[in-house]
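Down below is the structure, laid out as structure tokens.
Only the coordinates and a few stated rules stand behind these numbers; no lab work does. Just so you know, these numbers come straight off a predicted model, no measurement behind them. Cβ: placed from backbone, ideal geometry, glycine included. Neighbour counts: every protein chain shown.
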Amino acid sequence: MHDEKLILYYYDDGLSDSERQEIETALREDAALADRYTELRDRLSQLAKTEDQPAPAHAVHRWHDSIDRAARMERGEQSKPASPFSFMSFFWGAAVTAALAIVIGIGIYFSGNNEVTPVIEDTLVNTLPLPETATPVAFTRGLQMHLRDSRRTARY
């Protein structure tokens with residue numbers, strides 16, 4: 001007799017009534033078969049006694065989250081949409097912008113050669129007409145404008 005039939009007999013599964021009676025008769029008549037069945041029964045009962053190890057807590061939480069998400073999808077519920085405004089993103093963006101503005105301002109302040117150019121009075125032109133030549137007023141005004149414009153372009 002095969003061990004497969006003895007295992008099915010032990011679990012009381014998959015055997016017809018006639019096969020069960022045949023195995024019971026064989027076990028009563030054959031001592032070696034009865035010993036083999038006793039040994040097989042002891043090993044199978046030891047397997048049944050082993051304790052199941054509980055799943056880690058993080059895995060159980062992930063499984064529950066997945067089950068909850070699947071249940072919401074079955075019911076047609078949408079998950080809560082994310083907020084369109086994130087205060088922390090705004091805060092960091094503003095902080096970086098302020099830091100850049102300060103750095104640029106300091107750079108512009110110190111980029112000069114620490115030289116202050118004096119303000120030039122363009123409207124006053126010290127031109128004295130020569131006594132022997134009288135210049136018309138329009139010519140003098142034009143000359144003053146020309147000198148003022150040439151000084152402005154020379155500075156830049």
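Given the convex hull of the Cα atoms of the range 8-79, what is a quarter of its surface area in nm²?
So the Cα hull casts an average projection of 8.5 nm².
Say the dipole of the range 3-49 comes from +1 at the beta carbon of Lys and Arg and -1 at that of Asp and Glu; which of TYR10, ALA48, GLN21 then lies farthest toward its positive end?
Farthest towards the positive end: ALA48.
Which value in nm describes the separation of the simple spin-label points at ASP12 and ALA31, placed 7 Å from the Cα toward the beta carbon?
About 2.9 nm, to one decimal.
Sort 57-65, 138-146, 4-12 by packing, meaning the average of other beta carbons within 10 Å per residue, with the highest value first.
4-12, 138-146, 57-65
What is the dipole size for the range 3-49, taken about its Cα centre, with +1 at each Lys and Arg Cβ and -1 at each Asp and Glu Cβ, in debye to the nearest 20?
About 240 debye.
Could you give the length gained on full extension between PHE139 and ILE104, defined as 0.36 nm per residue of separation minus the Cα-Cα distance, in nm?
7.8 nm
Just subtract the alpha-carbon distance of ARG151 and PHE87 from 0.36 nm times their residue separation and send over the number in nm, one decimal.
Value of the extension gain: 17.7 nm.
Given axes a ≥ b ≥ c from the Cα gyration tensor, I'd like to know whether the range 3-49 is rounded (a/c under 1.5), prolate (a/b larger than b/c) or oblate.
oblate
Quick check: residue separation of ALA59 and GLU24 times 0.36 nm, minus the Cα distance between them. What number comes out in nm?
8.0 nm
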